[in-house]
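Structure first, commentary second.
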Amino acid sequence: MSSPHVTQPNDGFGPPVRQGDWLVRAAGPGERASLAALRGLAFRGGGRDGDAFDARCLHLWVEKRSARHIGPLATARLQIHPPGDVGHGYAAQYFDLRALAAAPGAALELGRLCVHPDHATPQALRMIWAGVTRVADRAGAARLIGCTSFTGTEPSEFEAALNLLAARHLGPAPLRPAAVASETINFAARPAAPPGPEARNQMPPLLRGYLSLGGWVGGQLVIDRDLGTCHVFTCVEIATMPEPRKKLLRALAGTG
């Protein structure tokens, strides 16, 4: 019998979500190599990207019928955590999630989201969000969680974005997880500084998406030398998402 925190590749998704020529579906086990190649291109400059968490997750596959490209145009992996159990996912390697585990309801962890660099269109990201919404609704998730990554390991390169996060988007102190990795930076403790006009442009698209849904962040960065990124913990409480955005996402996912 599978462990309760392991999601099998096609559990909980159902038929593909279609929007015109675009569709998002659950990838099968035989398609993992193609997803690993896309992730390698996005996160490692080539080769393949994979880890032990892949076997626990549902993997989204985005394609466009009219595209000449063979293979996925975007992907993300999703892991459903039952209530009280968020300690078996990717984010738990870097952040202490015990306080968040006490919050009621299941959590859906989102990670390794990427878009093929030759097909980086807003519609590709919309299809990922449609897939996430489909899984979250079918799983009855109370929140979305995950590590959102800034490219690079020098926080000074996205100083304005960190100032904006510290000023406006920190999560509730009792739920905000502490970083447990070896290299961390506490940006929430820095002296107050006004966010610069470039702040939002310095943020990864996924983080902007989370914040537009009412999401919050932890106050620490984790420097990941392996991927060449800095991670910030992110959480979106589904119950407090703006209703117009929730309605739009559910319509896109066919669950509204």
Loop-only GluC sites (Glu not before Pro) in segment 109-189, please: DSSP not H, G, I, E or B, and at most 14 other Cβ atoms within 10 Å. GLU183
Multiply the residue separation of SER182 and ALA33 by 0.36 nm, subtract the distance between their alpha-carbon atoms, and state the gained length in nm to one decimal. 50.6 nm
Loop only per DSSP, at most 15 neighbouring Cβ atoms within 10 Å: give me the trypsin sites (Lys or Arg not before Pro) in segment 120-182, ordered by residue number. none
Test item: Cα-centred dipole of segment 18-99, Lys/Arg +1 and Asp/Glu -1 on Cβ, debye: 300 debye
Can you put VAL180, VAL232, VAL222 in order, fewest other beta carbons within 10 Å first? VAL180, VAL222, VAL232
Can you tell me the mean projection area, over all orientations, of the convex hull of the chain's alpha carbons? Units nm², please. 13.5 nm²
Among HIS88, ALA142, ALA101, whose Cα sits farthest toward the positive end of the charge dipole of segment 1-148 (+1 at Cβ of Lys/Arg, -1 at Cβ of Asp/Glu, about the Cα centre)? ALA142
Give the long-range amide H neighbours of PHE95: residues separated by 5 or more places, or on another chain, with amide H under 5 Å away, using H modelled in the peptide plane at 1.01 Å from N. VAL180
Compute the convex hull volume of the Cα atoms of segment 197-256, divide it by the residue count, and report the result per residue in Å³ as a whole number. 123 Å³
Let me know the whole percent of all Cα-Cα pairs from segment 57-153 that are separated by more than 21 Å. 39 percent
Check each of the trypsin sites (Lys or Arg not before Pro) in segment 53-88 and keep only those in coil by DSSP with at most 15 other C-beta atoms within 10 angstrom; list them in order. ARG65, ARG68
Per DSSP H run of at least 4 residues, take -39500 (n - 2.57); add these up for the chain, divide by its residues and hand me the 222 nm value, nearest 500 deg cm²/dmol. -7500 deg cm²/dmol
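Read-outs throughout are calculated quantities, based only on the coordinates presented, and are distinct from any laboratory measurement. These figures come from a predicted structure and were not determined experimentally. So basically every Cβ, Gly included, is an ideal-geometry build from the backbone, and we count neighbours across all protein chains shown.
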